[in-house]
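Undergrad: Please see the structure below; I have some questions.
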Amino acid sequence: MCVGGYLKYVKKRYLSLFPHYIVAIAVYYFIGKGYSLLSTAKGNVKISLIGIILNVLGFNGFSITYINSVVPGGWYIGTVWLYFLMAPFIFKVVNNASKAVNCVFAALICRVGFHFLCGRVVLDPLLNDWADMCILNQFLFIAIGQFLFFVIIKKDIRLSRLSQLALIMSIMYVTIQKDILTLWALVFAIIILVLSKTGRSILINVNPQT
């Protein structure tokens, strides 16, 4: 993708996501009289100009204080926006179902390592809350969504042996660690894959012939 094409893509994505979010930023700022109504930080958090700017630009995910303290749930907007920025480059590498599964496995390793670093090495409750919401942790679920994109939209259900092994290892790990949300997300993805392999039309809206 050329620079002009990428900038056009970014503009389109920004306008699809942020106009309503900016309104929410203003509403929560005035309702809270300049203070956060719901924050992971301890005590009252005054919403500074930098906090507003980070949220308007979608870079609040980089701030431990402002990732979720301007608009409750704003961490999700920040995560989605960072993914939008990276997506064109990701899909140049992750261009089939097998690579999408490998991406899931890599994202799981990143999630585990990141949590270990934040929870065992850097002992800060606020940092741990940020670690749960930031894209390094949430990208695993995005990666599962990418896999489903190739299975459902692209009709690519071919997995290499290495990808099958990576999927099995991922399931085994989250089962042992009782990572319930990730486990059910992976189980759902596998169910979709199995149904797709059967060739049934259960995933497709087919009008019955009359």
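The numbers here are math on the coordinates, done by the rules we state, and not lab data. Just so it is clear, the structure is predicted and the values come from calculations on it, not from any experiment. Quick reminder, even Gly has a Cβ in these numbers, built from the backbone with ideal geometry, and neighbours come from all protein chains shown.
Undergrad: Remind me, what semi-axes does the stretch 50-150 give for its equivalent ellipsoid, largest first in whole Å, using sqrt of 5 times each Cα gyration tensor eigenvalue?
TA: 25, 18, 9
Undergrad: If the stretch 140-202 were replaced by its equivalent ellipsoid, with semi-axes equal to the square roots of 5 times the Cα gyration tensor eigenvalues, what would those be, largest first, whole Å?
TA: 21, 13, 11
Undergrad: Ranked highest first by the average count of other Cβ atoms within 10 Å around their residues, in what order do 4-17, 61-74, 172-185 fall? The partial results should precede the final answer.
TA: Numbers: 4-17: 12.1, 61-74: 22.0, 172-185: 14.2.
Ranking, from highest mean packing down: 61-74, 172-185, 4-17.
Undergrad: Given only helices, namely DSSP H runs of n ≥ 4 each adding -39500 (n - 2.57), what is the per-residue ellipticity at 222 nm of the chain, to the nearest 500 deg cm²/dmol?
TA: Calculated at 222 nm, the ellipticity per residue is -21500 deg cm²/dmol.
Undergrad: Let me spell out the model: positive unit charges on the Cβ of Lys and Arg, negative unit charges on the Cβ of Asp and Glu, origin at the Cα centre of the stretch 1-148. What dipole size does that give, in debye rounded to 20?
TA: Details: 11 positive and 3 negative charges, 76 e Å.
The calculation lands at about 360 debye.
Undergrad: Looking at the stretch 1-116, what % of the alpha carbon pairs are farther apart than 23 Å? Mind showing how you got there, number by number?
TA: Details: 2825 of 6670 pairs.
Tail of the P(r) past 23 Å holds 42 percent of the pairs.
Undergrad: If you take the Cα atoms of the stretch 48-107, find Rg, then find the Kirkwood Rh from the mean of 1/r over all pairs, what is Rg/Rh? Don't jump to the answer; show the numbers that get you there.
TA: Values: Rg = 14.5 Å, Rh = 12.7 Å.
That ratio is 1.13, to two decimals.
Undergrad: Hey, got the dipole for the stretch 109-196? About the Cα centre, +1 on K and R Cβ, -1 on D and E Cβ, debye to the nearest 20?
TA: Charge dipole of the stretch 109-196: 440 debye, to the nearest 20.
Undergrad: On to the next question. Can you give the Kirkwood hydrodynamic radius of the chain from its Cα pairs, in Å with one decimal?
TA: The Cα-based Kirkwood calculation yields 19.2 Å.
Undergrad: Please give the contour-minus-distance gain from residue 109 to residue 153: 0.36 nm per residue of separation, less the Cα-Cα distance, rounded to one decimal in nm.
TA: Extra length available between residue 109 and residue 153 comes to 13.2 nm.
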